[in-house]
Amino acid sequence: MLAQVQIMIYRLFPATIHPMVVHFTIAILYLAVLAEIIAYFRRKDAFYERAGFILLGLGVLATIAAGVAGSISETYDRITPAVAAMLATHRFYGELTGVLFLIAWVIRLVTRYRKSPARVSLIALLISLVALGFLSYVGYLGGTMVYDHGLGIAVKGLGRHSF
């Protein structure tokens with residue numbers, strides 16, 4: 001039964017599903033934090049507060065999709081011992097990033113319906129900034145695994161830069 005599920009997953013999703021999804025996730029979350037920062041300093045402008053709130057919610061959903069896609073992509077690769085520890089760290093901080101952005105979004109949801117709609121919670125903003133730092137670290141680890149260790153790359157030719 002498990003083998004049949006794996007075959008079905010292989011047919012539905014390509015090995016590159018994680019890189020296809022994760023870059024969209026990163027862009028959304030960077031834009032969400034940028035909108036939150038602008039909203040914090042431009043409190044009378046409700047547009048950035050609303051944009052940050054919506055982008056943060058979309059970013060949380062995209063983070064879940066990126067995590068699922070990462071689990072799928074991981075099944076295609078042969079994990080070497082050198083990459084295994086880095087992949088575990090990448091996964092842990094990716095999950096932590098998602099949880100922190102979710103907490104920030106829930107705080108924003110609770111504080112959104114106060115009397116002042118253009119007010120961004122400082123606590124949510126600080127949590128989002130910390131999560132953005134973790135997101136950058138997770139991206140760094142992902143890039144290191146791809147470019148330095150060849151994870152997810154079918155090497156053809158003599159070297160990494162062969163054409």
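The values are calculated or read from the model by the stated rules, or taken from the named source; none is laboratory data. The shown structure was predicted, so the numbers you read here are calculated from the model rather than taken from an experiment. Neighbour counts run over all protein chains shown; Cβ positions are idealised from the backbone, glycine included.
Values for this structure:
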| read-out | value |
| --- | --- |
| The stretch 13-25 - residue that is within 16 Å of TYR147 (Cβ to Cβ) and surrounded by fewer than 20 Cβ atoms within 10 Å (Cβ to Cβ) and, of those, farthest from the chain's Cα centre (by Cα) | THR16 |
| Any hit, the stretch 44-57, residues being part of a helix (DSSP H, G or I), within 30 Å of GLY150 (Cα to Cα) and not polar (S, T, N, Q) | no |
| Any hit, the stretch 95-105, residues being surrounded by fewer than 16 Cβ atoms within 10 Å (Cβ to Cβ), of a type outside the set (A, V, I, L, M, F, W, C) and in a helix (DSSP H, G or I) | yes |
| Residue among ARG91, ARG11 that alone is assigned to a helix (DSSP H, G or I) and within 27 Å of LEU125 (Cα to Cα) | ARG91 |
| Test: residue in the stretch 43-56 that is within 22 Å of LEU129 (Cα to Cα), in contact with a helix residue (DSSP H, G or I) (Cβ under 8 Å, 6 or more places away or on another chain) and small (Gly, Ala, Ser) | yes |
| Selection count, the stretch 48-94, where residues are exposed (fewer than 14 other Cβ atoms within 10 Å of the Cβ), modelled with pLDDT of 90 or more and among the basic types (Lys, Arg) | 0 |
